[in-house]
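What follows is one structure encoded as structure tokens, with my remarks underneath.
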Amino acid sequence: MSITKESELIGMKKVSEVVATTLKLMIEYAKIGISTKELDVYGGEILKSYGAKSAPFETYGFPGYTCISVNKVAAHGIPSEKIILKEGDLINIDVSAELNGFWSDNGGSFVIGRDIHNHQPLVDASQNILKKAINAIKGGVKIADIGFIIETEARKSGFKVIKNLAGHGVGRSLHEGPEDILNYRVKSNRERFKKNTTVAIETFISTNSTVAVTEKDGWTLVGNKGGFVTQHEQTILITDGAPVVLTEANGFWD
């Protein structure tokens, strides 16, 4: 979305604060012994309290208010009463919503309780790489160059990237152009980030896989070679200098 007036910036700031606050509260609420369905309902209630509508539910008919992916699930995990959170589980929560005609998106991976399976290095890599990538974005920067940063940093950390999941433009709908802000460099892509536009930047950092594959339910994504995947996502406003992180209320970098 291109921000052309103050009212649009205010609208994006409001919806971004809502999704970011919802994500932060859901992460705090996630405890050993609760189901992902209970966690999702809690998130849905927060969105409703702000007058916001779940983006995946409204846009795609997704069976949940948020996507909650556990352990081997890479993304788009369906909340379920059967999935009970356990010590050391790797969890990803992705929250996106619409409010007053504006849309925003954010997500984050974290470990429940003690890190008994050593997932934290993967979580930290995803967080740190996202921050480094976002800090390199301003008007005129090639989208491919950001993909290069993400993949290079992942390799330095001993990990891989998922190549068929990507960040995207966001604002007047959940997914807008640019649609493929990938986690690796496509040399033929000469598209550049534009000043005063809003985009959702996402990292998909992996231990084994490079492609996400859809399971039979039509939603759940898993890695093509197994292992684990972490994701972190912020909605930002691109400027001539440092980007404005609209979803900073999620507390990722506090």
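The values are calculated or read from the model by the stated rules, or taken from the named source; none is laboratory data. Just so it is clear, the model here is predicted, and its values are computed rather than measured. Here Cβ is always computed from backbone atoms with ideal geometry, including for glycine, and neighbour counts include all displayed protein chains. Side chains are part of the model used for accessible areas, which takes the heavy atoms of the whole protein and leaves out ligands, DNA and RNA. Shrake-Rupley method; radii C 1.70, N 1.55, O 1.52, S 1.80 Å.
What to note about this one:
- Restricting attention to segment 187-200, the residues that are assigned to a loop (DSSP other than H, G, I, E, B), open to solvent by 30 Å² or more (accessible area, probe 1.4 Å) and closer than 17 Å to Ala136 by Cα total 5.
- Checking each residue in segment 20-55 for being under 15 Å from Ser173 (Cα atoms) and either open to solvent by 10 Å² or more (accessible area, probe 1.4 Å) or touching a helix residue (DSSP H, G or I) at 6+ places or on another chain (Cβ under 8 Å) (or both) picks out Ala52, Lys53, Ser54.
- Of the residues making up segment 240-254, just one is farther than 17 Å from Val18 by Cα and either open to solvent by less than 30 Å² (accessible area, probe 1.4 Å) or within 14 Å of the chain's Cα centre (by Cα) (or both), namely Pro243.
- Single residue of Ala75, Ala20, Ala52, Ala30 found to be at pLDDT 95 or above and farther than 29 Å from Lys163 by Cβ: Ala52
- Considering segment 10-19, the residues that are open to solvent by 30 Å² or more (accessible area, probe 1.4 Å) and touching a residue at least 24 places away in the same chain (Cβ under 8 Å) include one that is nearest to the chain's Cα centre (by Cα), namely Glu17.
- Screening Gly171 with (1) touching a strand residue (DSSP E or B) at 6+ places or on another chain (Cβ under 9 Å); (2) surrounded by fewer than 19 Cβ atoms within 10 Å (Cβ to Cβ); (3) assigned to a loop (DSSP other than H, G, I, E, B) gives one miss only, at (2).
- The residue that is surrounded by the most Cβ atoms within 10 Å (Cβ to Cβ), among those in segment 70-85 that are outside any loop (DSSP other than H, G, I, E, B) and without any contact (Cβ under 8 Å) to a residue 60 or more places away in the chain, is Val70.
- Filtering Asp124, Asp115 for residues that are modelled with pLDDT of 95 or more, open to solvent by 10 Å² or more (accessible area, probe 1.4 Å), more than 18 Å from the chain's Cα centre (by Cα) and over 28 Å from Lys14 (Cβ atoms) leaves a single hit, Asp115.
- Of the numbered criteria (1) free of Cβ contacts under 8 Å to residues at least 60 places away in the same chain; (2) open to solvent by 60 Å² or more (accessible area, probe 1.4 Å); (3) more than 29 Å from Thr4 (Cβ to Cβ), the one Asp180 fails is (3).
- Checked against the criterion of being touching a residue at least 60 places away in the same chain (Cβ under 8 Å) and among the aromatic types (Phe, Trp, Tyr), segment 56-69 has at least one qualifying residue.
- Among the residues of segment 31-41, some residue qualifies, meaning at least one is in contact with a Gly (Cβ under 6 Å, 6 or more places away or on another chain), in a helix (DSSP H, G or I) and over 25 Å from Leu237 (Cα atoms).
- Val95 in a helix (DSSP H, G or I) and either open to solvent by 10 Å² or more (accessible area, probe 1.4 Å) or under 16 Å from Asn250 (Cα atoms) (or both): no
- Checked against (1) open to solvent by 20 Å² or more (accessible area, probe 1.4 Å); (2) within 16 Å of the chain's Cα centre (by Cα); (3) over 23 Å from Pro79 (Cα atoms), Thr207 meets all criteria but (2).
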